[in-house]
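In what follows, a single structure is set out as structure tokens and then discussed.
Just so you know, all these numbers are worked out from the coordinates, no wet-lab data involved. Please read these numbers as outputs of a predicted model, since none were measured by experiment. Cβ: placed from backbone, ideal geometry, glycine included. Neighbour counts: every protein chain shown.
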Amino acid sequence: MPVGATTDLDDAAIRAAATLIQRSRHVAALVGAGLSAESGVPTFRGDGGLWTRFGEPTFDGWELFNSDPGAWWDDALAAQHRDSEFARALDSARPNAGHVAMAEMEQMGRLAHTITQNIDDLQHRAGCRKLTEIHGNRYLVRCMNCGGRDRLSTISLDRLPPLCPECGGTLKTDTVMFGEPIPEDALRECYRQAALADLFLVVGTSAVVYPAAEFPVMAKRRGAALIEINPEETDLTPLADIVVRAAAGAALAAIVDELRAETMA
Ligand code: APR
């Protein structure tokens, strides 16, 4: 189904999802590229996905970084100037109704934490603060020694690789490369959410990349409920207690409207 298109919202599923969220003690979310699709950011897989259209990228970034961080930074900065569709889309993207609805759910006290696989910063820009960016954030750098993070825009790139202002360690963009271990602080928080959640909201992800896709399954095994919001079926669909077969923007906004109505009732 094309990004943003949606079948008529299934009102019963929306109402059931809102009721389950309202009754849950600790709602965690796992979100993927589908949440940002309506902001014009292409997804990776499925119809129209970047990798479907252009093939998967080479996975040697992490190896190159480890062998020669300076050369890796040279490549990364040169790539910034190559006019890529993905970078252009990310640079012009704004938070959409789905990001805003999740921020509202968080502010209503109905969403305890989100694990996002997206590096686009859009959920943070929409106002979400209880967020773990398991694949990093394209606007940050991270120290390979102390794990400290800074905004990329504040780091001098006169000398490559840039060094950590705190400990002198080598800095890398925060975006996690294939083969790179997920940062320990992010992983610890994800396992904590999988242990605490009695409801997992899974939005806009094909759920094929690990360890991200494992956390809702771990929660489900402990007895948590699972809601899936996605126009397409995924590997997690069979585990879902409620499936909202729709685009994230419309579905999440409708769920927040229901939560507000239930709160006021
Ligand atoms: N609303 C909700 N879901 C949508 C929408 C939409 N408007 N449009 C597409 N989707 C769904 C697709 O049906 C698909 O299930 O979003 C999902 C996107 O899947 P992927 O492209 O595989 O993206 P994601 O699951 O985030 O990939 C996980 O893989 O490429 C790596 O590191 C990258 O973080 C990424 C990870």
With a Förster distance of 41 angstrom and the Cβ-Cβ distance between W51 and D257, calculated FRET efficiency to the nearest 0.05 equals 0.75
Sparse-neighbourhood loop hits (trypsin sites (Lys or Arg not before Pro), the range 91-168; DSSP loop; Cβ within 10 Å at most 11 others) -> R129, R159
With label points set 7 Å from each Cα along the Cα-to-Cβ direction at Y210 and D74, the distance between them in nm comes to 3.8
Amide H neighbours of L30 at under 5 Å, excluding residues fewer than 5 places away on the same chain, with H built from the backbone geometry, are I115, L201, V202, V203
Per-residue Cβ contact counts at 10 Å, fewest first, order D91, D158 as D158, D91
Mean projected area, convex hull of alpha-carbon positions in the chain, reported to one decimal in nm², is 14.0
Note on the chain: contact order normalised by length, alpha-carbon pairs under 8 Å, 6 or more apart, percent, works out to 28
Here, R94 and D60, labelled 7 Å along Cα→Cβ, have an inter-label distance in nm of 4.2
For the range 1-143 (alpha-carbon point model, no solvent) the Debye-based log₁₀ I(q)/I(0) at q = 0.09, 0.10 Å⁻¹ works out to -0.36, -0.44
For the range 212-265, listing trypsin sites (Lys or Arg not before Pro) in a DSSP loop whose Cβ sees at most 15 other Cβ atoms within 10 Å gives R222
Exposure-ranked with fewest Cβ neighbours within 10 Å first, Y139, Y191, Y210 stand as Y210, Y191, Y139
Note: M264 to D185 extended length (0.36 nm per residue) minus current alpha-carbon separation gives 24.7 nm
By the C-alpha gyration tensor axes a ≥ b ≥ c (rounded if a/c is under 1.5, else prolate when a/b exceeds b/c, else oblate), the shape of the range 2-73 is oblate
Whole-number value, in Å³ per residue, for the convex hull of the alpha carbons of the range 117-228 is 116
So for R0 = 45 Å, FRET eff. of S84-L196 from the Cβ-Cβ r, to 0.05, ends up at 0.75
Short to long, in 10 Å steps from zero, the percent of alpha-carbon pairs of the range 173-240 per bin is 20, 48, 28, 3
Sorted on mean Cβ neighbours within 10 Å (highest first), peptides 64-73, 98-107 come out as 98-107, 64-73
So the FRET efficiency between R221 and D158, C-beta based with R0 = 45 Å and rounded to 0.05, is 0.35
Tilt, helix 184-196 to longest principal axis of the chain (alpha-carbon atoms), in degrees rounded to tens, equals 10
Longest principal axis of the chain (C-alpha) makes with the long axis of helix 97-107 (C-alpha) an angle, in degrees to the nearest 10, of 80
For the range 30-111 (alpha-carbon point model, no solvent) the Debye-based log₁₀ I(q)/I(0) at q = 0.14, 0.18 Å⁻¹ works out to -0.68, -0.92
Length gained if R151 through T19 is fully extended, taking 0.36 nm per residue and subtracting the Cα-Cα distance, is 43.6 nm
In degrees rounded to 10, the 0-90 angle between helix 69-81 Cα long axis and the longest Cα principal axis of the chain is 60
